[in-house]
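The values are calculated or read from the model by the stated rules, or taken from the named source; none is laboratory data. Every value quoted in this text rests on a predicted model; they were computed, and no experiment measured them. Please note: Cβ atoms are built from the backbone with ideal geometry, for glycine as well, and neighbour counts cover all protein chains shown.
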Amino acid sequence: MAVNKKEWFMIDNKPIYLTHGNYGGSLKCAFHDKLNWQRKLEFNPHHFINYELFDELIKSRNQLSNFLDCDSKNLVFFPNPSTALNTVIKSLNLNEKDEVLTSNHEYGALDKTWDFYSRKKGYKYIKVNIDIPFNDEESFVKSFKKKINNNTKVIFLSHITSSTALLFPVKKICEIARENDIITIIDGAHVPGHINLSISEINPDVYVGACHKWMCTPKGVSFLYTKKSFQNNVEPLVISWGWKGEIFQKESEYINWHQWQGTNDLSSFLTIPSTINFFNENNWNKVSQECRELIIELKNKFLKLNSNCMPTSFNDKYLTQMLSFTVNQSHKIVKEILTDSRKILSFQKKIFEKANIHIPVILWNEKVFMRVSVQAYNKPSDIDKMFEMLKSFNLL
């Protein structure tokens, strides 16, 4: 593995950082680019906001749309995927007879959002049970097909799941949904910069992604893609100057509605060009592949050891730069977490204090998991240290 490029990142050199999937980690070039834009903003706010900002947002969005393979007029920046998806979910015209189909692997905050609005409007939020280990696309697709009926109006699905770190066949599900006149909403929070992405090829109605995770921009950079035919269905979360306004003639109506919602610091959105330029200069596809190879080695090592740690998939096709795995479920700490999830943070802190490792502990489907993320700043010895930690805690 040729990576181990901590000098590229703002990330602290001292801890072993295996939690990139949680909050990302900014490239130095993107971080300093953000500071330059902030200086411009604060040096002359009136001039920058009125005469420069929106042109620069267009440039940034154009580069992002090329990176994502979609029309830039269907793309708008958001601070995070949860806010973008709340905008969409709140707008859906659903009633008591309707059903939203999803999986049991979705991000907890979005489960809460769907639960809130399904209770408010009366529709059903139905989870398709996808067992782990997940090794087979055909059984996944069959499970969804079985649950589709005349009341199914929306399919909501993660492209790469958060808790279980699995790559789901969203393109196939979107094809099935179109055949049945069902709206598709894809949560791609972990996808941009992680795997190659063509939104046009997947062809969903809505796709949401984060750039501050695997694209390594500063925090607060995400996007909402909405197919043009569906844009009138997505109302802005905040009604402001862009709503039915005449002031922003350069943008599409959809972008006007969602982009201008008060005086915000949009400097992080302008770091997309410098980030993509860095990717191009450093052959980021090769970097990602080397990180993924280390994840596959990790998965294979678990199998060779015949340990209590069970990966969520044995099929390399569904693994990316993250791997989730169960730990020894009979351990005292694990049993405590199963009865009180608030103990997760104290356990994570204990791991850090004892082993100098940051790694997320996850409660999912009544089992305790850990999830390791490998980014360009990691090296094979980080994984060796993780195995030592698991052994010292009797979790292996």
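With (1) within 20 Å of S163 (Cα to Cα); (2) in contact with a helix residue (DSSP H, G or I) (Cβ under 6 Å, 6 or more places away or on another chain) as the list, and I272 as the residue in question, which single condition is left unmet?
Evaluating I272 over (1) within 20 Å of S163 (Cα to Cα); (2) in contact with a helix residue (DSSP H, G or I) (Cβ under 6 Å, 6 or more places away or on another chain) leaves (1) as the failure.
Which numbered condition in (1) in the same structural domain as S274 (by TED's automatic domain parsing); (2) surrounded by fewer than 17 Cβ atoms within 10 Å (Cβ to Cβ) is the only one that P79 fails?
(2)
Check N4, N62, N13 and return the single one that is part of a helix (DSSP H, G or I) and of a type in the set (S, T, N, Q).
Selected residue: N62, the only one of N4, N62, N13 that is part of a helix (DSSP H, G or I) and of a type in the set (S, T, N, Q).
Only one of (1) without any contact (Cβ under 8 Å) to a residue 60 or more places away in the chain; (2) closer than 16 Å to I362 by Cβ; (3) of a type in the set (D, E) fails for E106. Which number is that?
(1)
Looking at N282, N306, which is the one that is surrounded by fewer than 18 Cβ atoms within 10 Å (Cβ to Cβ) and at pLDDT 95 or above? Lay out the reasoning, then the answer.
On the way: N306 fails: at pLDDT 95 or above.
N282 is the lone residue from the list that is surrounded by fewer than 18 Cβ atoms within 10 Å (Cβ to Cβ) and at pLDDT 95 or above.
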